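For reference, the structure discussed in these notes is given below.
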Amino acid sequence: MISKLHSPHVPGELLVRLKPSQSLDAKETGRSPFSEMGKVAARYSLGGQPLLQDTFSSSEILHLKLEDDSPEGLNRALAKLHDDDRVAYAVTNDLVQTFDDQQAEPQPPRPTTEGVTPNDLHSELYGMHRISAPQGWADTSGHRNNAPLLAVIDSGVDYTHPDLAANIWTNPNEVANGKDDDGNGIIDDLHGYNAPDKNGDPSDSGTHGTHVAGTVAAVGNNGQGVTGVAWEAQIMPLRFISGGMGTTADAIAALTYADAQGVRLTQNSWGGPNPNQALIDTLSASPALHICAAGNDGQNSDIKPLFPAAYSMDNILAVAATDSQDQLAKFSNYGRSAVDLAAPGVNTYSTLPGGEYGHKSGTSMATPHVSGAASLVLNKFPHLSNQQLKERLMFSTDRLPQLEGRVASGGRLNLARALENDQVAPGAVSELKALGITPSRVGLSWKASGDDGQVGTAAAYEIAYSNKPFAAEDFRAQSQVFTTPPKASGQKELISFPVTPSASDRELFVAVRSVDNVGNRSEMTSLKVQVPSAYVAFEDGSENWTAEGDWGREIVEGRGEVWSDSPGGFYKRDQQASLTSKPFSLKDYRAAELQFDCRHDLEINFDKIFLEAKSGQAEAEWKELKAFNLLDGWHTERIDLSSLVGQDDVQIRFRLKTDGDVFKDGFQFDRLVVTGTPKDEDPPVQG
């Protein structure tokens, strides 16, 4: 087989996970599915749990090195493992890179006008002023004894740097004696871990990690150099990058080391274009919050994401970069869904190895501002969950017009607001009314509440809707609506949002609640809306489809149930799987349109979803309407069906066709409907 594996990866290496019901004797290689391929070079325990000494299990990722490291050998191994009933998946050991060293103009300093001014707040640290760090430090500058353990997963750190040394973690169970005192397989890991070399020396292989670490936690008020966001932190250097590049296996090694040591936060200014199931599983199992750089391609991450930042997980916080004027940096990735908030990242001044200092730019430099802020927030509020900490950092941002629709929070980090000890929830919105209702759009109005009860201005609104009544605990699972920043208490709010047309008059249940800057939520205000019918020839519903292959339904937060070619995982190789509609009639229509929302991640050129249609007898030929390839985030598709109007027994189908090697997350769709204009009457007015 000729390889078409085009993504950057390490030749001859795979990451493998067994199915939950399977285990293998690690010593009896004859029973192992790997015995004819190579050897298990390393084992990474998910969630920091101890490894079973003599047994491979589903609670770990196995790092397999093949005897045949040619592309053909890799493809043969992938195919064999794919066919093994004991194996959940096998994926390539992909390469990732750091996100820094973008060219940028120098940023003007901004003097401190209030709050705490440490004696090493260098004049070039404009980012500290933009995020209101001096005001935040007046609340707390942290206390090292209470500081959460924060891992800087990068190129390593110069842990002897005079502006960092006091804030470097020391392993309490290890001494410098040439032995593995704590029994974790690493000798003298006093201050961290070097994943590529599998030793206890996490010193910087370049400059990137040291620069990042300085923004997170350079020692404050020590009369030299710079100050980090968290003056008294506890940072663990973890090295897996060299020359700006690293492997997924080494990233997983660093992450699982951090989990085993009880790390609460990780700082990740690296990534790559390919989703990797082994990395997904590692992050999902981790109890830490992972703060990740969005990337420096200047692109929409909802459409062309970089990972791990773009993984949709409650314990990942993705960061874009802004400049000294709060403008989105030209190089920064963005995305209403895939990127959470922004922070300063242009011409950032920080520590360099050898006791030096210098400038770097990138989302790599924005992310440690957020990591430092997260450390201070947890220092003050140690019982916050990952979700609560993430929400506090997002809802407390300074909402800026230039960031609305570019990041999920619509704003740039504000440390002072994130540290507020606010125990008062916003008041519920009042006078909620429906207006301008059409078959395809719902309008709402209400009177704004405040930040504390009915006083001030809330940080955000959450709006959800469903075809069924729902309670506050079900709010997050319903369809969500993005909104502009709230107005001051007592002012009138107006918003409208699209809905999928239906053939029947229907009731839509809508709820609104206010959120303040630390994540407190108001009571839910609900409304039942009567949505009129549209001219619908066909609409979605499980009973209206016939599935072949793995097609089925799965839950997506904020959307509910959707159709997927591979529910809960990646699609399979060598697939010819389809989802076919029941026949419907366009006989009495003079125009028709197919509408649906979809997202997809398909191997470039070789794996595709074909949207097809036919009319008439069963043996009629399917005609292609559109083909889907590559990766694209959730968006609405509208397909003209004019060529089929006047026909009976019309059918549509989604057909997945894959080849024999690379597999990805596949295709999902929902809210599908075929609407039209009848021949003998005008359609209702559409919004």
Gain in span if fully extended, ASP54 to ASP574, counting 0.36 nm per residue against the direct Cα distance: 183.7 nm
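I'd like the FRET efficiency for ASN629 and ASN119, computed as 1/(1 + (r/R0)^6) with the beta carbon distance as r and R0 of 60 Å, rounded to 0.05.
On the way: r = 57 Å, r/R0 = 0.95.
Given R0 = 60 Å and the Cβ-Cβ separation, E is 0.55.
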Length gained, GLN224-ASP85, 0.36 nm per residue minus C-alpha separation, equals 44.1 nm
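Once you keep just the Cα pairs under 8 angstrom separated by 6 or more residues, what percentage relative contact order results for the range 499-614?
Values: 119 pairs, mean separation 21.8, N = 116.
Relative contact order of the range 499-614: 19 percent.
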Please enumerate, by chain and number, the lysines with C-alpha under 25 Å from the C-alpha of LYS390, excluding those fewer than 8 residues away in the same chain. LYS304, LYS380, LYS487
Mind ordering 441-450, 555-564 by average Cβ neighbours within 10 Å, highest first? 441-450, 555-564
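Only Cα pairs under 8 Å and at least 6 apart count here; give the relative contact order of the range 126-418 as a rounded whole percent. Please report the intermediate quantities before stating the final value.
Numbers: 769 pairs, mean separation 62.3, N = 293.
RCO, the range 126-418: 21 percent.
Mean separation of Cα pairs under 8 Å and 6+ residues apart, divided by the residue count of the range 9-97: what relative contact order is that in percent?
On the way: 159 pairs, mean separation 41.5, N = 89.
This gives 47 percent for the range 9-97.
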Estimated inter-spin distance, LYS433 and SER445, nm [label 7 Å along Cα→Cβ]: 0.5
Along the charge dipole of the chain, Cβ charges K/R +1 and D/E -1, which of ASN177, SER45, LEU66 sits furthest on the positive end? SER45
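Charges at C-beta only: +1 for Lys and Arg, -1 for Asp and Glu. How large is the resulting dipole of the chain about its Cα centre, in Debye rounded to 20?
Working: 59 positive and 92 negative charges, 254 e Å.
Here the chain has a charge dipole of around 1220 debye.
Using a Förster distance of 51 Å, how high is the FRET efficiency between ASN544 and ASN146, based on the Cβ-Cβ distance and rounded to 0.05?
Details: r = 57 Å, r/R0 = 1.12.
My answer for the efficiency is 0.35.
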When the charge dipole of the chain is computed with +1 at the Cβ of Lys and Arg and -1 at the Cβ of Asp and Glu, the Cα pointing farthest to the positive end, of THR636, SER502, HIS359, is that of SER502
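Of all alpha-carbon pairs in the range 430-534, indicate the percentage at a distance above 19 angstrom.
On the way: 2255 of 5460 pairs.
Of all Cα-Cα distances in the range 430-534, 41 percent exceed 19 Å.
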If I take R0 = 22 Å and measure r between the Cβ atoms of ASN421 and ILE495 in this structure, what FRET efficiency does the formula 1/(1 + (r/R0)^6) give, to the nearest 0.05? 0.10
Largest to smallest principal axis extent of the C-alpha atoms in the range 126-418, angstrom: 57, 45, 36
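Between ASP648 and ALA477, what is 0.36 nm times their sequence separation minus the Cα-Cα distance? Round to one decimal in nm. Walk me through the numbers before you get to the answer.
Numbers: separation 171, 0.36 × 171 = 61.56 nm, distance 3.77 nm.
The span from ASP648 to ALA477 would gain 57.8 nm if fully extended.
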Filtered hits (lysines, Cα-Cα < 21 Å from LYS39, offset >= 8 within chain) -> LYS19, LYS27, LYS65, LYS80, LYS198
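How do the peptides 243-253, 630-640, 55-65, 604-614 rank, highest first, by the average count of neighbouring beta carbon atoms within 10 Å per residue? Working shown, then result.
Details: 243-253: 22.6, 630-640: 14.9, 55-65: 20.8, 604-614: 18.2.
For the peptides 243-253, 630-640, 55-65, 604-614, the packing ranking is 243-253, 55-65, 604-614, 630-640.
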Positive end of the charge dipole of the range 232-302 (Lys, Arg +1 and Asp, Glu -1 on Cβ, about the Cα centre): tell me which of GLN299, PRO273, GLY246 has its Cα farthest that way. GLY246
Go from 0 up to the bin containing the longest alpha carbon distance in the range 217-323, width 5 Å each, and give me the % of pairs per bin. 2, 11, 20, 22, 19, 14, 8, 3, 1, 0
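Please work out whether the chain counts as rounded, prolate or oblate from its C-alpha gyration tensor, where a ≥ b ≥ c are the square roots of the eigenvalues and a/c under 1.5 means rounded, while otherwise a/b larger than b/c means prolate and anything else oblate? Provide the component values of the computation, followed by the final result.
On the way: a/c = 2.22, a/b = 1.23, b/c = 1.80.
It is oblate, given that a/c is not under 1.5 and a/b is not larger than b/c.
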Report, in debye and to the nearest 20, how large the dipole of the range 9-97 comes out about its Cα centre when Lys and Arg carry +1 and Asp and Glu carry -1 on their Cβ. 240
Excluding residues fewer than 8 places away in the same chain, name every one of the aspartates and glutamates whose C-alpha is closer than 18 Å to that of LYS179. ASP188, ASP189, ASP197, ASP201
For a test of understanding, tell me how many lysine pairs in the range 538-678 have Cα atoms under 20 Å apart, given they are 8 or more places apart or on different chains. 18
If packing is taken as the average number of other Cβ atoms within 10 Å across a peptide's residues, how do 163-172, 537-546, 337-346, 619-628 rank, most packed first? 337-346, 163-172, 537-546, 619-628
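Here, each number is a calculation from the coordinates, and none is a lab measurement. Everything quoted here is computed from the prediction, not taken from an experiment. Note that we place each Cβ from the backbone using ideal geometry, even for glycine, and neighbour counts take in every protein chain shown.
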